[in-house]
Amino acid sequence: MTLTYPLTDIRTTPKGKVLISGAGIAGTALAFWLNRYGYAVTMVEKARALRSGGYPIDVRGTALEVVRRMGILPPLQDAHVDLRRLTFLDGDGSKVASVNPHTVVGSVAGQDLEVRRGDLTDALHTAVRDDVEFVFNDSIATLDQSGHGVDVTFRGGGRRTFDMVFGADGLHSRTREFLFGPEEQFHRYLGYCFAVFTLPNTFGLSHETMMWNTPGRAAALYAVEDDDEVHAFLNFAHPEPSLGAFRDPEAQRNLIATTFAGAGWEVPGMIAAMREADDLFTDMVSQIRMPRWSSGRVALVGDAAYAPSFLTGQGTSLALVGAYMLAGSLAGRDAATGFAAYEHDTREFVTLNQGQIGVGDATLFPTTARALEQRNDMLRNLSTMPSGEGRPAHSALALPELMPM
């Protein structure tokens, strides 16, 4: 049975003016729910337009109910990436094991979704574009809460006052820095760096991932469909956060090329393609852990507040669930009470999913020869097992019902 939620019944006269910094997944989902709860929503995004494309991402467990209540589940089901095989290779390129992807990542076949990031952002934007003000190519320059609202100056020169402001501006959130200070105090480095980019699919891959490993290094080719391109992924252990390198595009490329020098399989060609890629994205594998997610009339959501890292596979799901919980917590409450409820009701779910770094995906990148052999033995056993039934952490939060304002 398809459940229909009376979203239009929630809307009343505007409850206040709010600003969301960041038009990614967390920000746009929050805009959807705040608009439904009667707020006049403005979104500011530093990019010139919505970001399309991107690596495939997962929507699992509780987050599936969020997108169902938003009415965007059908298009996401249509966009689902049907990854059928995950093949692991040894250092010389020989096959270790081919497994059902669900057994590794803890997803539920036939229920959980994997979609291109751009397909999810498009579905979210379509759901809010007629009701929300978008301001692209701009960002917050200053926040001042000394008055009755939040006075915001923008880098483009504008000044406006809002009743509340929300930071949905990602792992390296400027809103978080305005509120609480430098990122380093909340940044938990997990010991890896990574790069993703696309290159031509000259490998004959379809609906599958090939992953090559040596201790401390991994390279993968991910073919979503019978596309002309594949997603390339390079991941490597690094003892210290490479903050300097990740601020300099050329230094990024040099660090990665040096790390993978002498690697076998298709890695030399991947490194050459990385040198020329115009969509290269690199960063450190990290989490954000904060004792508080709000201050005054400003609150954080998604990666800005609680980035779990791709090692958990739960970044997108936490963003969707967090947005729903934050908006619902404000129903009939002032900022202070609503933000307190948001943290109280959501933190356990966040903490549980951040703790998944020791499960599944995190075990795919061993740093020693012994750990790599142990992982390979595990994979050989997995290849004879049926697909998984999901991890309890993914569905550990039961969503409250929609509340009238």
| field | Of all residues making up segment 42-68, the number that are among the aliphatic types (A, V, I, L, M), open to solvent by 10 Å² or more (accessible area, probe 1.4 Å) and not in a loop (DSSP other than H, G, I, E, B) | value | 2
| Residue check: is THR28 open to solvent by less than 40 Å² (accessible area, probe 1.4 Å), under 26 Å from LEU280 (Cβ atoms), touching a His at 6+ places or on another chain (Cβ under 7 Å) and at pLDDT 90 or above? | yes
| remark: THR202 passes all but one of the listed conditions (1) in contact (Cβ under 8 Å) with a residue 40 or more places away in the chain; (2) among the β-branched types (Val, Ile, Thr); (3) open to solvent by 40 Å² or more (accessible area, probe 1.4 Å); the exception is number (1)
| Mind checking which residues of segment 71-85 are small (Gly, Ala, Ser) and either touching a strand residue (DSSP E or B) at 6+ places or on another chain (Cβ under 8 Å) or surrounded by 19 or more Cβ atoms within 10 Å (Cβ to Cβ) (or both)? | ALA79
| task | Select from segment 113-147 the residues that are farther than 30 Å from LEU73 by Cβ, touching a residue at least 12 places away in the same chain (Cβ under 8 Å) and in a loop (DSSP other than H, G, I, E, B) and list them in ascending order. | result | ASN137, ASP138, SER139, GLN145, GLY147
| task | Please tell me if GLN356 is modelled with pLDDT under 95 and within 22 Å of ILE72 (Cβ to Cβ). | result | no
| Residue in segment 86-101 that is open to solvent by 20 Å² or more (accessible area, probe 1.4 Å), assigned to a strand (DSSP E or B), without any contact (Cβ under 8 Å) to a residue 24 or more places away in the chain and of a type outside the set (Phe, Trp, Tyr) present | yes
| task | Can you run down the residue pairs with Cβ atoms below 8 Å, 6 or more apart or on separate chains, where the first is in segment 342-356 and over 10 Å from LEU397 (Cα atoms) and the partner is among the basic types (Lys, Arg) and buried (at least 22 other Cβ atoms within 10 Å of the Cβ)? | result | GLN356/ARG391
| field | Unique residue being over 30 Å from GLY149 (Cβ atoms), open to solvent by less than 20 Å² (accessible area, probe 1.4 Å) and at pLDDT below 95 when the list is THR363, THR316, THR312 | value | THR312
| Taking segment 132-154, which residues are open to solvent by 60 Å² or more (accessible area, probe 1.4 Å) and either under 16 Å from the mean Cα position of the chain (by Cα) or closer than 14 Å to MET43 by Cα (or both)? | GLU133, PHE136, ASN137
| helices (runs of 4 or more DSSP H) wholly in segment 243-324 with at least 3 residues that are within 30 Å of ASN35 (Cα to Cα) and in contact (Cβ under 8 Å) with a residue 60 or more places away in the chain - which ones? | 303-306
| Hey, any hits in segment 171-191 for a residue that's among the hydroxyl-bearing types (Ser, Thr, Tyr), within 20 Å of the chain's Cα centre (by Cα), over 30 Å from HIS80 (Cα atoms) and open to solvent by 30 Å² or more (accessible area, probe 1.4 Å)? | yes
| remark: Note on ASP283: of the conditions (1) closer than 23 Å to GLU184 by Cα; (2) crowded, with 20+ Cβ neighbours inside 10 Å; (3) among the charged types (D, E, K, R), unmet is (2)
| query | Is it fair to say ALA371 is assigned to a helix (DSSP H, G or I), modelled with pLDDT of 90 or more and farther than 30 Å from GLY38 by Cβ? | reply | yes
| message | Given the options ALA335, ALA327, ALA272, ALA331, name the one that is open to solvent by 20 Å² or more (accessible area, probe 1.4 Å), of a type in the set (Gly, Ala, Ser) and more than 13 Å from the chain's Cα centre (by Cα). | response | ALA272
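The values are calculated or read from the model by the stated rules, or taken from the named source; none is laboratory data. Source: prediction; values computed, not measured. Cβ atoms come from the backbone with ideal geometry, glycine included; neighbour counts cover every protein chain shown. All accessible areas refer to the heavy atoms of the entire protein, side chains included, with ligands and DNA or RNA removed. Shrake-Rupley method; radii C 1.70, N 1.55, O 1.52, S 1.80 Å.
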